[in-house]
Amino acid sequence: MGSYVPSTEEERLEMLRAIGLERMDELFASVPEPLRVETLNLDRGLSELELQREMRYIAGRNRVFRSIFRGAGAYNHYIPAVVKSVAAKERFLTTYTPYQAELSQGVLQSIFEYQTMIAELTGMDASNASVYDGATAAAEAVNMLVDGKRRVALVSEGVHPMTIETLKTYADGPGVEIRLVPLKDGRTDLDALKGMLCDSCACVLVQSPNFFGLIEDAEAAANIAHERRAKLILSMNPTACALYKSPGELGADVAVGEGQPLGLPLSFGGAYLGFMACKAPLLRKLPGRIVGRTTDRDGKRAFVLTLQAREQHIRREKASSNICSNQALCAMTAAAYMAALGASGLTEVASQCHAKAAYLREKLAEVGLKPIHEGEFFHEFATECPIDPEKLLCALADRGILGGLPVEGGILWCATEMNSREDIDEVAAAVGEVLQ
Amino acid sequence: MKLLFEKSVPGRALSILPPLDVPEAPVPENLLRAEKPRLPEISENDLSRHYAALERRAFGVCDGFYPLGSCTMKYNPKVNEQMAALDGFARAHPLQGEQYAQGCLEVLFRAEQILKEVTGMDAVTFQPAAGAHGELLGLLLINAYHRDRGDTKRKKVLVPDSAHGTNPASATMAGLEVISIPSTASGRVDLEALKRAAGEDTAGLMLTNPNTLGIFDENIQEITRIVHDAGGLCYYDGANLNAILGVARPGDMGFDVVHLNLHKTFSTPHGGGGPGSGPVGVKAILKDFLPRDQVAKTDDMFRFFDPPKSVGRVKAFYGNFSVVVRALSYMLTLGAEGMREVAEGAVLNANYMLKKLVPAYEPAQPGLCMHEFVLTLEKLKAETGVSALDVAKAMVDRGMHAPTMYFPLIVHEALMVEPTETESRETLDEAAEAMLDILRLAREDPQKLHDAPVTTPVNRLDEVGAARNPVLRYQF
């Protein structure tokens, strides 16, 4: 019903006349007659009130769970009110990529601050301004490390399955070979990795905590990779980065990950945030927008998109990536989240996640869900399930609880600071009931 | 203005988390990071003011005219933001299971139905997060199609020299070699050159129509026929779809695969560079190759399914879902009539403004334009020394965003102006008047233009220095 076109019919006629035309369809004279559409087969447009009704009805068809124990790449965290207010600022929302630097210092500075925080969190020298999500960040990292001679990427089977699928799809075009490194007791089999490394391997990709929530020995993986002059890409949960050794400390050359835990709502999988950071020698291979510090003519500090010679609008087919639009507003949100929490707050979130997961693991074990893996984990863990997992999870859903994700051999559970002790006791009791 | 790190005071913090209510679970020492990351420590008030100050140093569609060519900076309706923030959508876990996410699947399904009709395609995926991402996927689909037919020697993609930079970059990522097709003097695809280039090794053609000069190539059916006759497929870069929404459809022009930019044509906000959304539509011949998690409707239930020969995945989950919610809201608001009004309004506004600027400004092409037009300031620069950059910066001083500069590459001293349909006549009048005023100044006092902008928090920046000696993070 509304097209947000402000002009009245009379105005439109006057404007037409001003350009020497009589009718609207004359504007489309260059479109050959047989290609003109009479009218699209769509419903009539809705008024704002009708639209609200319709969309609220659709949204109402989704179940909103009271308590969530599922992660697997998307995590239910508390988002401080001040972070939501930053993300909703109309000017940030409606501005474009900051090509016109003088007019866009606010956006540029926010990205510079984001880059600094990501570099700090990951222990890396430089970060880009974001890519689409954690999976594409891993794929871009592989692309930046392969060259004419080194065409193979060794990827741990502990990496999120959707990331592995994305890597394979990306690799198909340029003919990069993805070889999967098997797991041993839930973690990357480092002996297997050693055996698989060869002179055509450009990089090794490990995720820690891995898909099953387990902390990997990334430091050993880095050493093994470096022995054969391959690089290590470490994919890390950014919350975990605040507590555990950072990719930089572990010897990674490139750090990537899914930034959604940093203040972005679940939103059925997007819009999220892929972060990418690297050591200094790789800087000019890093894809995507990068903001740098500079000065204006009066020597005043300012910020600007820089190292653009890497990018598609300059280099075209020789660019390091085709990325143009990124996830800028998500990156700004993540920066506001990290600033709101500070290092202590973010570490506290990580510690609480871990403690809640440990408590959940123990409570579930008590009622009959035995953990599958031993050793250190962050906020996810897999358990066996003696009955059909779907049956158990349906029973939990009926109580307003989203249980863990069914995976091979059992269920993958997650706990965050959002799950109170009562929630955890409740889910354990419910599981106990269903199992009996 | 200070950085967050310069406002940080040790010990300052917000009160966000409750005390831990379960037993502590210590992490072994050897796994812990040695030092905390140096994140800002700041009060909520100071944090809020910081972002308020940053916001004042930015310029959005909410501030004024934004004629950034090829970017379609139209008004971003407020109601769409509200809809994306509804609990049912914002709190949906991507893996909560289709039986509990029927609303989300319905959004994807209905958006697909509408975009199929708008583009004349047979299926649409929402997995790509942006236009360039859609281009990559589209080319991978073309590769998969040829390979499936055992046609393995098609390794070249034809790209007109007026194309967006993402086209050739995407082709490289898809493992294809780019063959640049020259434009004719009138800005159309050179048909003879196209015929010579198309052959047994042609995977496909990538084309924007209307192109980046703002011209609808009337030979489009001939162009797609040449490529099809050579056994290639045709890819439509939907960056400029706003010009023909509800008027003409890529599917009818002979295109086999198309990407759209929901953040351009379908009003979702640009967010300072993203998130966008770049859904890809395909003809039936490519349907089986689409990424996983397409949505079907059976007996009133929406379900995910994997196409039989799927290329896999280009992203985790289902794309930038919250952007798709906004676009669906917009499309439901427009309906069939509204779609057409968009294209009519966009093309009318561009021509109205062009008429006001010519002949003082020289257009890159004579005659009517579509939704945008390109000016060439080559003569002005030769006569006065005032460049496209100078004019763009002077426009900033007059309360509007600058047009796209130095693009397309085939036009010298280019300014690319796209007013969009959501601007009123008064806005266009004022903008045209300001641009004419700048032109007068170029002849009278060019130095003033070299000095522009003067109303912004900083003046012209040392971009060369920034790249030569990159400082990409705060130095603590």
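The values are calculated or read from the model by the stated rules, or taken from the named source; none is laboratory data. Treat the numbers as computed from the prediction; the structure is a model and nothing was measured. A quick note on method: Cβ atoms are made from the backbone with ideal geometry, for glycine too, and the neighbour counts reach across all protein chains shown. Only protein heavy atoms, including side chains, enter the accessible area calculation; ligands, DNA and RNA are left aside. Shrake-Rupley method; radii C 1.70, N 1.55, O 1.52, S 1.80 Å.
Centroid-to-centroid, using Cα positions, the range B:257-302 and the range B:52-106 are 16 Å apart. Expressed as an acute angle from 0 to 90° and rounded to the nearest 10, what is the orientation of the C-alpha long axis of helix A:421-435 relative to the principal long axis of chain A? The angle comes out at about 70 degrees. Using DSSP, restrict attention to beta bridges with both residues in the range A:183-299 and report what percent are antiparallel, rounded to the nearest 5. Antiparallel: roughly 45 percent of the beta bridges in the range A:183-299. The angle separating the long axis of helix A:105-122 from the principal Cα axis of greatest extent in chain A is about 10 degrees. Note on B:S8: accessible area approximately 40 square angstrom, rounded to 10, probe 1.4 Å, nucleic acids and ligands left out. Would the protein assembly as shown count as rounded, prolate or oblate if I go by the C-alpha gyration tensor, calling it rounded below 1.5 in a/c and otherwise prolate when a/b exceeds b/c, oblate otherwise? It is prolate, given that a/c is not under 1.5 and a/b is the larger ratio. Residues considered: A:M196, A:M236, A:M144. Largest GNM mean-square fluctuation over chain A, using C-alpha springs under 10 Å, is found at A:M196.
Non-local lysine pairs in the range A:219-321, meaning eight or more places apart or on different chains, with alpha-carbon distances under 27 Å, amount to 8.
Projecting the Cα atoms of A:A429, B:V391, B:V227 onto the charge dipole of the protein assembly as shown, computed from C-beta unit charges around the Cα centre, puts B:V391 farthest toward the positive end. Heavy atoms of chains A and B lose about 16700 Å² of accessible surface on contact, summed over both sides with a 1.4 Å probe.
A 1.4 Å probe over all protein chains sorts B:H164, B:H371 by accessible area into B:H164, B:H371, starting with the largest.
Think of the range B:1-108 as having a plus end and a minus end, set by charges on the Cβ of Lys, Arg, Asp and Glu; of B:P94, B:P67, B:A25, B:P67 sits farthest toward the positive end of this dipole.
As a length-normalised measure over Cα pairs under 8 Å and 6 or more apart, the relative contact order of chain B settles at 19 percent. Placing +1 on the Cβ of every Lys and Arg and -1 on the Cβ of every Asp and Glu, with nothing else charged, gives chain B a dipole about its Cα centre of roughly 800 debye. Find the centroid of the Cα atoms in the range B:205-227 and in the range A:315-391, then give the distance between the two in whole Å. Between the Cα centres of the range B:205-227 and the range A:315-391 lies a distance of 47 Å. For the range B:289-417, the solvent-accessible area with a 1.4 angstrom probe is 32 square angstrom per residue.
Averaged over the residues of peptide A:348-355, the number of Cβ atoms from other protein chains lying within 10 Å of each residue's Cβ is 4.
With helices as the sole contributors, chain A gives -12000 deg cm²/dmol at 222 nm; each DSSP H run of n ≥ 4 counts as -39500 (n - 2.57), and the sum is divided by every residue.
Shown for chain B are the DSSP H helices of 15 Å or more along their axis, judged by Cα atoms, with a mean Kyte-Doolittle hydropathy of at least -0.5: B:102-119, B:131-148, B:321-357, B:425-444.
From most to least packed by mean Cβ count within 10 Å, the peptides A:126-139, B:168-181 give A:126-139, B:168-181. Largest GNM mean-square fluctuation across A:A171, A:A302, A:A153, computed for chain A with C-alpha springs under 10 Å, falls on A:A302. Could you tell me how far the Cα centroid of the range B:423-444 sits from the Cα centroid of the range A:111-134, in Å? Using only Cα atoms, the two centres lie 41 Å from each other.
Averaged over peptide A:329-337, the number of partner chain Cβ atoms lying within 10 Å of each residue's Cβ comes to 4.
Expressed to the nearest 5 percent, the antiparallel share of DSSP beta bridges inside the protein assembly as shown is 60 percent. Note on chain A: along the principal axes its Cα atoms extend 80, 53, 49 Å, ordered by decreasing extent. Taking chain A as a Gaussian network, where each spring joins two C-alpha atoms under 10 Å apart, which residue of A:E14, A:E317, A:E90 fluctuates the most? In the Gaussian network model the winner is A:E14.
Does anything in the range B:79-117 have its amide N under 14 Å from the 7 Å Cα→Cβ label point of A:R53, and if so which residues? Under 14 Å, as judged by backbone N against the label point of A:R53, lies no residue of the range B:79-117.
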